[in-house]
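*Asks:* Before I ask anything, here is the structure I am working with.
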Amino acid sequence: MPPFLRPPGARSEKDMKARCVSCGLCAAVCNYACIEMTPDHIFFGGGTPKIFQRKSPCFLCMKCSAVCPTGALGNVSMEEAGMGRACLDRARCVDYRRNTGIMCWTCYERCPLKGKAIVLKNGYLPEVTERCVGCGVCEYVCPVAVITVTPARDLPGNRRGGNT
Amino acid sequence: MKGPPLSIRPFRRTAQAGVALLFAVVPALNRMEITALSGNFFFFNIAGIPLADPLSVLQVAAGAFSVTTAMCAGAGLALLLALLMGPVFCSWLCPYGFFSELAHALGAKRASGTTFSRSASFASKLLIVCVGLLAVFLFAPVPLLNQLSMPGWYSRAMQHAVFYREALACALIFPALLAAEFLSGRRFWCLYLCPQSVLISLAGALLPGRLRVRFSGRSCTCAKPERPCRARCSLGLDPRSADLRQRLQCSNCGDCVDACRKNGRALRFSFGRDA
């Protein structure tokens, strides 16, 4: 299965699976059709909501978490989405490489939390801050594919995201 | 004296087909950004009014030890319908029941003499629910029994087809069971296995004054061996019996009332206590 995130406001993996009844209300309200209720297993279809960020990321409209009737997705604000954390590979980012003549900033421009989750260090170098909620938009738009979002379920404790 | 009562079955078939169609249309409406109706047979939202499968709510309670107000209200409304009208969900709304009845009608000619087995009746369904809930509570906190919901698979397959333009492989259990019922000539899923019907059947047998089929022996004109009402019941129940296990299985479809319509009209639907 390709890498995927849980929708904004999702509880811990175990708690979310215990609550989700696969009603699909979150997928039905999603403006961007990014939430997929695909089965967790080929023979035993749990059908919990997934966001395949490389196919279609979450733009943090927060409609899904507001409609979830079971509380599998908590009704939270954009800043509390808690889907994961983006990691930007500076060594390969065109903004960090010298003499490229490119001022990309695509991740910064497209970030739903522009200026909070991704800031411009020294006014021109994109940097992921600890306020990143892991919506996956930067991973989706990055023209050189140097951003990877680690889903919240794979983040140990409260590890701060950031830049390598 | 009023004229002969209307036949119930055309109304019921319209309701069944309407619900089956509704759950195919709702995902398409959702994609057109109309979300006043949304969801499936586990949870359905009608312009803010929740409806939920009581068993899935019970499983969330057993697995997560907490349920939301929306879930409780949804399950409450579904159970209230059963309390007042009996388990009409099974015979008037459930798409599996609809297709199962059609398969039974087509296959019935080949398998004659389908009678109700007293030994394995409601108890096997109750056992599945108890084992499932215990498994959710002890080992696997996920709504396991939702995997056995045939209306659930029907509506999820429709959502899948419309939202992602692909078939849902697991939903093949739905036609597979229909084929098995067609070949065996017995509606064994609804009778012995369906866990979703247990809670609504129990709620639907609770109040003596609920809507149900009443039998008045004085009006019955059929000779003993000839029982058109019994022959008509797709679940193989005896509508004249007062046996509790048979009462639990009756889903108020009204086929026996229709069969009795041209005879003594000894079987009728009514609310209130027995006369």
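*Asks:* Let me have the relative contact order for chain B, percent, based on Cα pairs under 8 Å that are six or more residues apart.
*Replies:* 25 percent.
*Asks:* Additional query: So if I take the centroid of the Cα atoms in the stretch B:217-270 and the same for the stretch A:93-118, what is the distance between those two points in Å?
*Replies:* Using only Cα atoms, the two centres lie 75 Å from each other.
*Asks:* Calculate the all-directions average of the projected area of the stretch A:13-79's alpha-carbon convex hull, and give it in nm².
*Replies:* Mean projected area of the Cα convex hull: 4.7 nm².
*Asks:* Based on the Kirkwood radius over alpha-carbon pairs, what is the Stokes-Einstein translational diffusion coefficient of the stretch A:83-158 at 10 °C with 1.306 mPa s viscosity, in µm²/s?
*Replies:* 127 µm²/s
*Asks:* Across the protein assembly as shown, how many lysine pairs, 8 or more positions apart or on different chains, have C-alpha atoms separated by under 24 Å? Please give the number.
*Replies:* Lysine pairs satisfying the spacing and distance rule in the protein assembly as shown number 15.
*Asks:* Sorting A:R97, B:R247 by accessible area (1.4 Å probe), largest first, what list results?
*Replies:* Putting A:R97, B:R247 in descending order of accessible area: A:R97, B:R247.
*Asks:* If r is the Cβ-Cβ distance from B:L22 to B:V131 and R0 is 22 Å, what FRET efficiency results, to the nearest 0.05?
*Replies:* Using R0 = 22 Å, I get an efficiency of 0.10.
*Asks:* Over the stretch A:13-79, what is the relative contact order in percent, taking alpha-carbon pairs closer than 8 angstrom and at least six residues apart?
*Replies:* Relative contact order, the stretch A:13-79: 33 percent.
*Asks:* Could you tell me the largest-minus-smallest coordinate of the C-alpha atoms of the protein assembly as shown on each of the three principal axes, in descending order and whole angstroms?
*Replies:* Sorted largest first, the three principal extents are 100, 38, 36 Å.
*Asks:* Then there is this: I'd like the distance between the alpha-carbon centres of the stretch B:134-160 and the stretch A:138-154, rounded to an integer number of Å.
*Replies:* Measuring centre to centre over Cα atoms gives 32 Å.
*Asks:* For the stretch B:83-227, go through all pairs of different Cα atoms, get the mean of 1/r, take its inverse, and jot down that Kirkwood value in Å.
*Replies:* 17.5 Å
*Asks:* At a temperature of 20 °C and a viscosity of 1.002 mPa s, determine how fast chain B diffuses translationally according to Stokes-Einstein, using the Kirkwood radius over alpha-carbon pairs as Rh; express D in µm²/s, rounded to the nearest whole number.
*Replies:* For these conditions, the coefficient is 108 µm²/s.
*Asks:* Enter the angle in degrees (range 0 to 90, nearest 10) between the Cα long axis of helix B:95-107 and the first principal axis of the Cα atoms of chain B, meaning the one along which they spread out most.
*Replies:* 50 degrees
*Asks:* If I take R0 = 51 Å and measure r between the Cβ atoms of B:R13 and A:L125 in this structure, what FRET efficiency does the formula 1/(1 + (r/R0)^6) give, to the nearest 0.05?
*Replies:* Computed FRET efficiency for B:R13 and A:L125 comes out at 0.15.
*Asks:* In whole percent, what relative contact order does the stretch B:115-221 give with Cα contacts below 8 Å and a gap of six or more residues?
*Replies:* Relative contact order comes out at 32 percent.
*Asks:* Moving on to the next point. Rounded to the nearest 10 degrees, what's the angle between the helix B:9-31 long axis and the longest principal axis of chain B, both from Cα atoms, 0 to 90?
*Replies:* Roughly 10 degrees between the two axes.
*Asks:* How much length, in nm to one decimal, is gained on full extension between B:L29 and B:F271, taken as 0.36 nm per residue of separation minus their Cα-Cα distance?
*Replies:* 83.4 nm
*Asks:* Provide Rg over Rh for the stretch A:3-133; use the alpha carbon set for both Rg and the Kirkwood Rh (inverse mean inverse pair distance).
*Replies:* Taking Rh as the inverse mean 1/r over Cα pairs, Rg/Rh reads 1.05.
*Asks:* Follow-up question, since we're still on this one. Please determine, in degrees from 0 to 90 and to the nearest 10, the orientation of helix B:150-164 with respect to the longest principal axis defined by the Cα atoms of chain B, where the helix direction is its Cα long axis.
*Replies:* Computed tilt is about 40 degrees.
The values are calculated or read from the model by the stated rules, or taken from the named source; none is laboratory data. All of these numbers come straight from a predicted model, not from anything done at the bench. For neighbour counting, all protein chains shown are included, and Cβ atoms are generated from backbone atoms with ideal geometry for every residue, glycine included. The accessibility values were calculated without ligands, DNA or RNA, using every heavy atom of the protein model including side chains. Shrake-Rupley method; radii C 1.70, N 1.55, O 1.52, S 1.80 Å.
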